[in-house]
1. Pick from Val304, Val165, Val355 the residue whose mean-square fluctuation is largest in a GNM of the chain, springs joining Cα atoms under 10 Å.
2. Under a point spin-label approximation (7 Å from Cα along Cα-to-Cβ), what is the Ala116-Arg95 distance to one decimal in nm?
3. So what is the relative contact order of the chain, in percent, for Cα pairs below 8 Å that sit 6 or more residues apart?
4. Karplus couplings for the range 142-156 from phi (6.51 cos²θ - 1.76 cosθ + 1.60, θ = phi - 60°), rounded to Hz, Gly and Pro as x?
5. In whole percent, what relative contact order does the range 10-105 give with Cα contacts below 8 Å and a gap of six or more residues?
6. Once you sort the root eigenvalues of the Cα gyration tensor of the chain as a ≥ b ≥ c, which label holds: rounded (a/c under 1.5), prolate (a/b larger than b/c) or oblate (the other case)?
7. So what is the 222 nm mean residue ellipticity for the chain from helices alone, if each DSSP H run of at least 4 adds -39500 (n - 2.57) and you divide by all residues, rounding to the nearest 500 deg cm²/dmol?
8. For Ala51, what residues show an amide H to amide H distance below 5 Å, using hydrogens built from the backbone and excluding near sequence neighbours?
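The values are calculated or read from the model by the stated rules, or taken from the named source; none is laboratory data. A quick note: this is a predicted structure, and the numbers were derived from the prediction, not measured. Here the Cβ positions follow ideal geometry from the backbone for every residue, glycine too, while neighbour counts run over all protein chains shown. To get the accessible areas, we keep the full protein, side chains included, count just its heavy atoms, and leave off ligands, DNA and RNA. Shrake-Rupley method; radii C 1.70, N 1.55, O 1.52, S 1.80 Å.
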Amino acid sequence: MQLSSVRLDEVELPLVEPFETSFGVEQNRRFLLVHIQTKEGFEGWGECAAAVDPLYSSESIATARWMISERLIPLLFRLSEPSPEAFSQAAARFRGNRMAKAAVEIALHDLRARAAGMPLAQALGSRRGRVRVGVSVGIQPTVPKLVERVGRYLDDGYDRIKLKVRPGWDSVPVGAVRREYPDVELWVDANQAYPALAVAEIRGWAEEHHVAQVEQPFAERSIRAHAELARGASFRVCLDESVVDEASFDDALAARAVTSLNVKVARVGGLGTGLALAQRAARDHVPSWVGGMLESGVGRAHNVALASTPFFGLSSDLSASDRYYSQDLTEPPFVLGPGSTLEVPHGPGIGVEVVERVLRKHRRESRTFRP
Ligand code: OSB
Ligand code: MG
């Protein structure tokens, strides 16, 4: 395959409601979109999860735009065969910048699968027609509003709820949700907001309110604090930000700091590493699931394809299109199906199509690169 162009767009899509985490609030999702085209007439789409500010991790739209346009696209144009594996191998000499690398790597996966006329899910080794999903619920203005919000998601059909928590928004809101919905599967995610000293306090409220999983309460590098929390806990300790590659996962496993793994395509630099991590987790009997970054339909479709492979045992943070956007970038929309699931698309590649009209309406910037 010979590349003819790579287009890098910046898009701003309004979220149906603001999403607040321990690190801030988002009203609109701004992200980069990668569109690769070949001389043979094939295409591949990728999305970069980096946000405007480097709050979730050190990457931002600005750093990712520089990395993709000044380093990764030139590197891609020099490859003799533009496969995701050849790209990742060549890009490995650049440190970090995993969200930027992931955006290009996943576009190459979509391209290869489309060129083969095969669904990406199948190309990744999928065996499932549907994936189990839950919903991640942002911090709300008040506890009653949170309880009401959770109730509406349960009415929609989600059967697993993840609450965003932070110091000052934990025991009381989590307890209120638990009292109202005694049987719901409850997870919490703190996005690194607690000091290592908070181990006993977190264990106290998480056990009291029967929380099944506590995600990334401590800083990315605080492996020891996560191990302390995991020791003898009745809940799983899930790592998100701490695991960025196979080496960091190995270290966390050796320290017994991880009893559930959030596999985010963006955080780990692409589908290749995402799959490898999920396989490794399965081998070590650590249940895993696919995390999301409020992606548009492009990124979500990649995540759904990954989640459909046999290595994931827990429900993923992949909700229906209408949980994020009233007008998604792709069609058909993802809709919640029976048993809190999303259907894995059947078409070639990611199996959903970017709607040019929607893209043009929400595009703020566009640059095209040629070999
Ligand atoms: O930590 O999982 C996270 C969104 C933005 C940044 C970090 C996280 C999230 C989510 C969203 O929880 C999950 C989703 O996309 O549905
Ligand atoms: Mg998380």
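1. Highest fluctuation among the options: Val355.
2. A separation of 3.5 nm, rounded to one decimal place.
3. On the way: 817 pairs, mean separation 82.9, N = 371.
Once divided by the residue count of the chain, the mean separation gives 22 percent.
4. After applying 6.51 cos²θ - 1.76 cosθ + 1.60, I find 9, 5, x, 5, 5, 4, 5, 4, 4, x, 5, 5, 5, 4, 5 Hz.
5. On the way: 124 pairs, mean separation 22.3, N = 96.
RCO, the range 10-105: 23 percent.
6. Judged from the Cα gyration tensor, the chain comes out prolate (a/c at least 1.5, a/b above b/c).
7. -10000 deg cm²/dmol
8. Ile61
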